[in-house]
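Notes for the one structure printed next.
The values are calculated or read from the model by the stated rules, or taken from the named source; none is laboratory data. Owing to the predicted nature of the structure, the values given are computational and were not obtained by experimental measurement. A quick note on method: Cβ atoms are made from the backbone with ideal geometry, for glycine too, and the neighbour counts reach across all protein chains shown. Heavy atoms of the whole protein, side chains included, go into the accessibility calculation; ligands, DNA and RNA do not. Shrake-Rupley method; radii C 1.70, N 1.55, O 1.52, S 1.80 Å.
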Amino acid sequence: MIPYKKKDIREIKGIGDKQALLFSKLKIFTLKDLLYHIPFRYLDTSSISSITEFKERGEGTFLAKIIDIKTTYFRKTITTVKVEDETDSLRLTFFNQGYLQKTLKKEDLYLFNAKITTKGNRKNIYNPKFEIFKYDPSEQLHIGKMIGVYPETKGLTSRTIRSRIKHLEKDITDILMDPLAKNDLEELAIIPLPEAIKKIHFPNSEDDITSARERLAFDEMLQIAIRIEQKLSERRKQKANPIHIESKYLNKYIKGLPFKLTGDQNLAIEEILADLSRDIPMNRLLNGDVGSGKTVVASIAILNSIKNGYSCILLAPTTVLAKQHYDTFKKLFQGERISIELCISSEKTISQANNKLIIGTHAVLEEKILPKDLNLVIIDEQHRFGVEQREYFKKDTITSPHYLTMTATPIPRTLTEIFFGSMDVSEIKEKPAERKVVKTFFTPLTKRNSCLEWTREKILESQKSEQAFIIYPLIEESELSSSKSILNEFEKLREIFKGLKIEYLHGRLKPELKDDILNKFRKKEIDVLVSTTVIEVGIDIPDATIMIIEDAERFGLAQLHQLRGRVGRSNKESFCFVIAGESVEKDSEAEKRLIYFSKNSSGFDVAEYDLKHRGPGEVYGTAQSGIPNFKVANLFDTKLLKKTRLFAKKLLKEDNDPKDILENLFR
Ligand code: ADP
Ligand code: MG
């Protein structure tokens, strides 16, 4: 037998195949789905005025009797309804709803919620909301009370959704079971789940909404908390080979570096080495700003592991980055006798040798034989590697290598707790001292041409020792947007940058061609590189000093910051221009974002700004990052996270695989 909650919504009176199809667009298939489709805001139409008051105010709710209904079918179907109360009368106009001629009843009392539209000195009321008056207010469904407004889809209004849910109201306690025990609820001071669902759909007061939301937010956060605690306890059960800290040797290496490490780098190194020396696997996130020097921190962890006789793997998200790391590490480890192997799809061989560093892409994951002495895996530019891939490196069910993950984009502290709650975090906020801030300019469209002209002159003035990037959101023009694209603009740019060598690069080019173009750019055979965001992550070209981003409003600030991080990588003064596209209006939110970006150089700050204004999905890309998609809970509510983590610990003590609970929590 199908459990009640999993029953098809077509069991509900009024929902047939046609409407079920509409519901499916909202991802609603079962009774439970429908109950979990909750309002995103409320409309309070409980204050009822007289027609006279309504006319004065121009909008609101009034109670009136229908005294006449007429429908005309000239071009449009227009139904005119005359209503009155003891104070005045009104005419209401409905378009294309001829059926109202039959459904509305003369002499009956209705509640209306409407707005007066003024055109010249004519006042009209079009398509008002209405519901027959029920005498008992608790029977009223759409008007005369607090009502929820739902995420809708074409052909499915909040009114319909509300009516369908109303059919289930009496059965909510049968459909939904509260997975939490009564005494727990009391202790946590939250209301039972069925009650919360009832109140979230049909509240009688603000308090109802508040207590319902508290409970639902608890459920959403608890799911995250359980997962975090599960991972932590799993980790505690695993064993790792501790790696002794070779202080003397490391200090010598650090002294030999061409620069002095920053305070944050030193702290991160200490934390990492301490983790490595334990017999449980390290699981640490190195959360650092673009250009803050994460690679050299990683190099010390690697060096220490190799000195102890182990092997390490460094994973990069792209071939280009893997090769770049390969070159960097060859240089860094010059003079240390360390064998380094590159493993990318075109050169995919890992030798039999032990005690070495493997640098590679996904291709490493396809290798059957990994070094038996593997003890450290470093994943660069997290967000591109799924977490599952880590499982791959486990040697047996117990022993695991140590893990270090490095972020591509700085993640604000408030988020790392939820995002990466089961990891320890080291932050690098400080930039190397001699690093100059990239001068960033918000550039309105009207100044675009002078910006490009200035760039050309700047490169010529430097006798082509400096280089520029120009970034576009699209490769080709799309019919759906007015955004500029590489292929459309390239010829014009070639005109503008006459006398300079200009090339373009995008993700659809063959890998060899991409590599070739990047290498030419690196060797300064190209002065201006036009590109999509394929160059976003990690690419290091020290002589590129100018970054121009077209239609910049189309990018998240964290992404813009990544792009900005591609310049300013030497001691030369660097510039970034964020050019607003056509759609950006003066004083708009979009313009404000770009101006904020131009004035703030910290990646942590700009990411946080976007998180608050646009949400995490926009900033980090929901699918890749595994950020929870909360309907109710606040992503920044670390207090709630603490509370749920405590509770999750208690739950897991009683039941280490609380499937039933996870399945039945609100989500
Ligand atoms: P990211 O954190 O973005 O991966 P990288 O590790 O690529 O940054 O470092 C960027 C550049 O800064 C590299 O060229 C690196 O050699 C240099 N660098 C790293 N640490 C320092 C430091 N403490 N002082 C000066 N330069 C440094
Ligand atoms: Mg890097």
* Entries of Lys7/Lys145; Lys248/Lys348; Lys255/Lys307; Lys32/Lys237 with Cα pairs more than 26 Å apart -> Lys7/Lys145; Lys248/Lys348; Lys32/Lys237
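Once you keep just the Cα pairs under 8 angstrom separated by 6 or more residues, what percentage relative contact order results for region 439-600? Mind showing how you got there, number by number?
On the way: 279 pairs, mean separation 50.9, N = 162.
Relative contact order comes out at 31 percent.
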* **For region 424-438, Karplus couplings with θ = phi - 60° (6.51, -1.76, 1.60), whole Hz, Gly/Pro x** => 8, 10, 10, 10, 10, 9, 6, 9, x, 4, 7, 5, 8, 5, 6
* Asked: For the chain, what class follows from the C-alpha gyration tensor (a ≥ b ≥ c being the square roots of its eigenvalues): rounded when a/c is under 1.5, otherwise prolate if a/b is larger than b/c, else oblate?
  -> oblate
* Structure fact -> Computed from every Cα-Cα pair in region 112-250, P(r) in 5 Å bins starting at 0 and rounded to whole percents is 2, 7, 11, 13, 13, 11, 9, 7, 6, 5, 4, 4, 3, 2, 2, 1, 1, 0
* Asked: Against the longest alpha carbon principal axis of the chain, how many degrees, from 0 to 90 and to the nearest 10, is the axis of helix 263-276 turned?
  -> 90 degrees
* Structure fact -> With -39,500 (n - 2.57) per DSSP H segment of 4 or more residues and division by the full residue count of the chain, the 222 nm estimate, nearest 500 deg cm²/dmol, is -11000 deg cm²/dmol
* What does a probe at Arg278 reach in region 632-651, counting residues whose amide N is under 20 Å from the point 7 Å along Cα→Cβ? -> 642, 645-646, 649-650
* Estimated vicinal HN-Hα couplings, Hz - region 9-22 in sequence order (Karplus 6.51, -1.76, 1.60; Gly, Pro = x) -> 5, 5, 5, 7, 4, x, 9, x, 4, 5, 6, 4, 5, 5
* According to the Cα gyration tensor, what semi-axes, each the square root of 5 times an eigenvalue, does the equivalent ellipsoid of region 80-134 have, listed from largest to smallest in whole Å? -> 19, 15, 10
* Structure fact -> SASA check, Ser47, accessible area w/ 1.4 Å probe, all protein chains in place, rounded to nearest 10 Å², comes out at 80 Å²
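With a 1.4 Å probe and every protein chain kept in, tell me what percent of the accessible surface of region 47-144 is carbon plus sulfur.
On the way: 3000 of 6070 Å².
Taking all protein chains in place, region 47-144 shows 49 percent carbon and sulfur surface.
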* **5 angstrom amide H check on Leu342, placed H, neighbours 5+ away** => Ile359
* Separation in nanometres of the label points that stand 7 Å from Cα toward Cβ, at Lys498 and Lys65 -> 8.4 nm
* Treating cross-link reach as a plain straight distance, find the aspartates and glutamates whose alpha-carbon is under 14 Å from the alpha-carbon of Lys294, omitting any fewer than eight places away in the same chain. => Asp264, Glu270, Glu271, Asp380, Glu381, Glu427, Glu430, Asp540
* Whole-percent carbon and sulfur share, accessible surface of region 503-558, 1.4 Å -> 46 percent
* Which order do Met547, Met177 take by accessible area at a 1.4 Å probe, largest first? -> Met177, Met547
* Give Lys115/Lys592; Lys260/Lys330; Lys372/Lys523; Lys25/Lys510; Lys182/Lys649; Lys498/Lys524 a once-over and call out the pairs whose C-alpha atoms are over 27 Å from each other. => Lys115/Lys592; Lys372/Lys523; Lys25/Lys510
* With every protein chain present, what accessible area does Tyr36 have (1.4 Å probe, heavy atoms only), rounded to the nearest 10 Å²? -> 10 Å²
* Structure fact -> The rounded separation in angstrom of the Cα centers of region 221-292 and region 435-461 is 40 Å
* How much accessible area per residue does the chain have, in Å², with a 1.4 Å probe? -> 49 Å²
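Net charge around Lys55, counting only other residues with Cβ within less than 11 Å of its Cβ (Lys, Arg = +1; Asp, Glu = -1)?
Values: positive: Arg57, Lys123; negative: Glu53, Glu56, Glu59, Asp88.
Around Lys55, the surrounding residues sum to -2.
Counting only protein heavy atoms and using a 1.4 Å probe, what share of the accessible area of region 218-330 belongs to carbon plus sulfur, as a whole percent? Let's see the in-between values first.
On the way: 2270 of 4390 Å².
Result for region 218-330: 52 percent of the exposed heavy-atom area is carbon or sulfur.
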* Asked: Cα axis of helix 486-496 to longest principal axis of the chain: angle in degrees, 0 to 90, nearest 10?
  -> 60 degrees
* Asked: What percent does the relative contact order of the chain come to when contacts are Cα pairs within less than 8 Å and at least six residues apart?
  -> 12 percent
* Among bridges DSSP assigns within the chain, what percent are antiparallel (round to 5)? -> 40 percent
* Structure fact -> Relative to the chain, whose Cα atoms define the longest principal axis, helix 294-307 and its Cα axis are tilted in degrees, nearest 10, by 50 degrees
* To do: Determine the shape class of region 47-144: with a ≥ b ≥ c the square roots of the Cα gyration tensor eigenvalues, call it rounded for a/c under 1.5, and otherwise prolate if a/b is greater than b/c, oblate otherwise.
  => oblate
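Counting pairs of alpha carbon atoms under 8 Å apart in space and at least six apart in sequence, what relative contact order in percent does region 47-144 give?
Numbers: 209 pairs, mean separation 25.3, N = 98.
Dividing the mean separation by the residue count of region 47-144 yields 26 percent.
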* Just how many % of Cα pairs in region 439-600 lie over 22 Å apart, if you round to the nearest whole percent? -> 37 percent
